[in-house]
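Computed from the coordinates by the stated procedures, all read-outs in this text should not be read as laboratory data. Model, not experiment: these values are computed from the prediction. Cβ: placed from backbone, ideal geometry, glycine included. Neighbour counts: every protein chain shown.
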Amino acid sequence: KETQADEFLRQHMDPDTSKVTASYCNTMMKLRNVMGEPCKPVNTFIHEPLRDVQAICLKGDVPCKNTKSDCHQSSSKMRITDCRLKKGSIYPQCDYETQQKRKYIIVTCEGNPYVPVHFVGSV
Ligand code: UM3
């Protein structure tokens with residue numbers, strides 16, 4: 001069974017990509033099987049080395065907006081791509097807008113080893 005840590009890798013990690021094209025999100029959301037039903041409204045891919053993303057868990061505690069999880073914010077800006085579902089897009093034709101950004105990212109971490117399990121957002 002896929003662990004939450006593995007699910008994070010599948011849904012959010014793409015370290016080897018630096019430049020993305022307009023079709024990146026439509027390709028990746030399918031390839032990584034992220035679309036869900038209904039279409040997942042927002043999903044972010046991170047283009048940084050895995051060790052740098054895992055390191056976020058070890059420092060940078062920040063308050064979470066929801067109650068119980070432990071949130072951690074990156075100490076530097078990271079290269080990310082936000083995939084946003086276009087208006088009127090209906091499953092299974094999930095059509096995504098691709099937006100490349102450099103922002104601080106916030107993740108929740110769990111387990112031993114203590115690793116990212118959810119992407120919370122970027123600031
Ligand atoms: N989400 C992103 N990027 C954002 C905001 C939200 O990927 O900027 C995803 C993360 C969550 C989901 O999925 O939206 C609900 O917040 P996850 O828990 O599977 O990572």
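The Kirkwood hydrodynamic radius of region 19-74, based on inverse pair distances between different Cα atoms, is 13.8 Å.
Taking neighbour Cβ counts within 10 Å as the exposure measure, how do His72, His47 sort from fewest upward? Each step should come with its number before you reach the end.
On the way: His72 23, His47 18.
Neighbour counts put them in this order, fewest first: His47, His72.
Let's test the formula: R0 of 22 Å, r as the Cβ-Cβ distance of Asp70 and Glu7. What FRET efficiency results, to the nearest 0.05? Result of the calculation: an efficiency of 0.80. If you build a Gaussian network model of the chain, linking Cα atoms that sit under 10 Å apart, which residue out of Lys40, Lys65, Lys101 swings the most? Maximum fluctuation in the GNM of the chain, among the listed residues, is at Lys65. Could you derive backbone 3J(HN,Hα) for region 89-95 from the dihedral phi with the Karplus parameters 6.51, -1.76 and 1.60 (θ = phi - 60°), listing whole Hz in sequence and x where the residue is Gly or Pro? With the stated coefficients, region 89-95 comes to 7, 10, 3, x, 8, 6, 10 Hz.
Of the residues Cys64, His47, Ile90, the one whose Cα sits farthest toward the positive end of the charge dipole of region 31-94, with +1 on the Cβ of Lys and Arg and -1 on the Cβ of Asp and Glu, is Ile90. Placing one equal scatterer on every Cα of the chain and applying the Debye formula, the log10 ratio I(q)/I(0) at q = 0.15 Å⁻¹ is -0.67.
Mean residue ellipticity at 222 nm, helices only, the chain: -4500 deg cm²/dmol; runs of at least 4 DSSP H residues each add -39,500 (n - 2.57), and the sum is divided by the number of residues.
Within a straight-line Cα-Cα reach of under 12 Å, Lys1 cannot be paired with any aspartates and glutamates, leaving aside sequence neighbours fewer than 8 residues apart in one chain. Length available on full extension from Val62 to Gln93: 0.36 nm per residue minus the Cα-Cα distance, which gives 7.5 nm. What does the charge count near Val117 come to, summing +1 for each Lys or Arg and -1 for each Asp or Glu among other residues with Cβ under 13 Å from its Cβ? Net of charged neighbours comes to -3.
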